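*Asks:* My structure is below; once you've seen it, I'll send some questions.
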Amino acid sequence: MNVAVIFTEKKKIALKNTAMPDPGEGELLIKSLCTLISTGTELSVLSGDHETESIWGDISKFPFEPGYNHIGRVVAVGPMTDSQWIGKRVASSGKHTAYIVKKTEEIKPITRDEIPDEHAVFFTTAEIVMNGVRKSRLCWGESVIVYGL
């Protein structure tokens with residue numbers, strides 16, 4: 001079985017056995033090693049402390065299957081998918097479940113073994129920061145101030 005974290009209702013969480021996912025063509029079956037909780041979106045949904053007429057209200061439908069950042073190891077591939085993926089450690093936006101399925105173009109290989117799972121799982125934070133630097137067109141040696149969150 002595939003154990004999954006489910007928000008069953010406002011402020012209630014359960015672990016549920018769900019069906020084992022089966023990878024299709026171009027997809028990978030990934031065994032979870034570490035996931036990261038979104039303290040913004042996921043905890044806002046769980047708390048229910050938001051306006052009904054808001055983005056949070058739109059996505060806060062229970063039961064809710066949370067998932068944000070996911071680190072795992074590829075254990076199987078679907079038909080017509082390169083078997084060289086098997087055994088690779090990868091990052092994705094997977095759910096908080098024991099196993100997930102992702103398309104090969106949706107994952108990011110982790111090529112440096114010295115990066116622990118607990119650090120690698122913050123990959124989206126690094127992407128957001130680097131995207132901000134890129135869009136600002138800052139150069140080395142320039143100074144900026146960041147305010148707000």
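The values are calculated or read from the model by the stated rules, or taken from the named source; none is laboratory data. Bear in mind the structure is a predicted one, so any value in this text is a computation, not a measurement. All Cβ positions, even for glycine, are placed from backbone atoms using ideal geometry, and neighbour counts span all protein chains on display. The area values use the complete protein model at the heavy-atom level, side chains included, leaving out ligands, DNA and RNA. Shrake-Rupley method; radii C 1.70, N 1.55, O 1.52, S 1.80 Å.
*Asks:* Once fully extended, how much extra length lies between residue 8 and residue 52, figured as 0.36 nm per residue of separation less the alpha-carbon to alpha-carbon distance?
*Replies:* Extending this stretch completely gives an extra 14.1 nm.
*Asks:* While we're looking at this one, here's another question. Filter the chymotrypsin sites (Phe, Trp or Tyr not before Pro) in segment 48-149 down to the DSSP loop ones having no more than 15 other Cβ atoms within 10 Å, then list what survives.
*Replies:* Listed in order of number, the matching sites are 122, 140, 147.
*Asks:* Related question: Among the lysines in the chain, how many pairs, 8 or more places apart or on different chains, have alpha carbons under 22 Å apart?
*Replies:* 22
*Asks:* Per-residue HN-Hα couplings for segment 61-78, Karplus 6.51 cos²θ - 1.76 cosθ + 1.60 at θ = phi - 60°, whole Hz, x for Gly and Pro?
*Replies:* Values per residue, Gly and Pro as x: 10, 9, x, 10, 9, x, x, 9, 9, 9, 10, x, 10, 5, 10, 7, 10, x Hz.
*Asks:* State in Å² the accessible area per residue of the chain; use a 1.4 Å probe, count heavy atoms of protein chains only, and round to the nearest integer.
*Replies:* Per-residue value: 67 Å².
*Asks:* Additional query: If I build a Gaussian network model for the chain, linking alpha-carbon pairs within less than 10 angstrom, which residue out of 67, 132, 48 has the largest mean-square fluctuation?
*Replies:* In this elastic network of the chain, the residue with the biggest mean-square fluctuation among 67, 132, 48 is 132.
*Asks:* Rule-of-thumb check for segment 60-137: C-alpha Rg over 2.2 N^0.38 Å?
*Replies:* Compactness ratio reported: 1.26.
*Asks:* Treating only the Cβ of Lys, Arg, Asp and Glu as charged (+1, +1, -1, -1), what charge dipole size does the chain show about its Cα centre? Round to the nearest 20 debye.
*Replies:* So the magnitude is around 180 debye.
*Asks:* Same structure again: How big is the Rg/Rh ratio for segment 7-84, C-alpha atoms only, Rh by Kirkwood, two decimals?
*Replies:* 1.09
*Asks:* A further question follows. Counting only trypsin sites (Lys or Arg not before Pro) that sit in a DSSP loop (anything but H, G, I, E, B) with at most 14 other Cβ atoms within 10 Å, what is the longest stretch of the chain containing none of them?
*Replies:* Result for the longest clean stretch: 62-111.
*Asks:* If you split all Cα-Cα distances of the chain into 10 Å bins from zero, what percentages do you get per bin, shortest first?
*Replies:* 10, 31, 31, 20, 6, 0
*Asks:* Ok, one more. Subtract the Cα-Cα distance of residue 84 and residue 125 from 0.36 nm times their separation in residues, and report this length gain in nm to one decimal.
*Replies:* That pair, residue 84 and residue 125, stretches by 11.9 nm at full extension.
*Asks:* Would you compute, from DSSP H runs of 4+ residues alone, the mean residue ellipticity of the chain at 222 nm, taking -39500 (n - 2.57) per run and dividing by the full residue count, rounded to the nearest 500?
*Replies:* The helix-only estimate for the chain comes to -5000 deg cm²/dmol at 222 nm.
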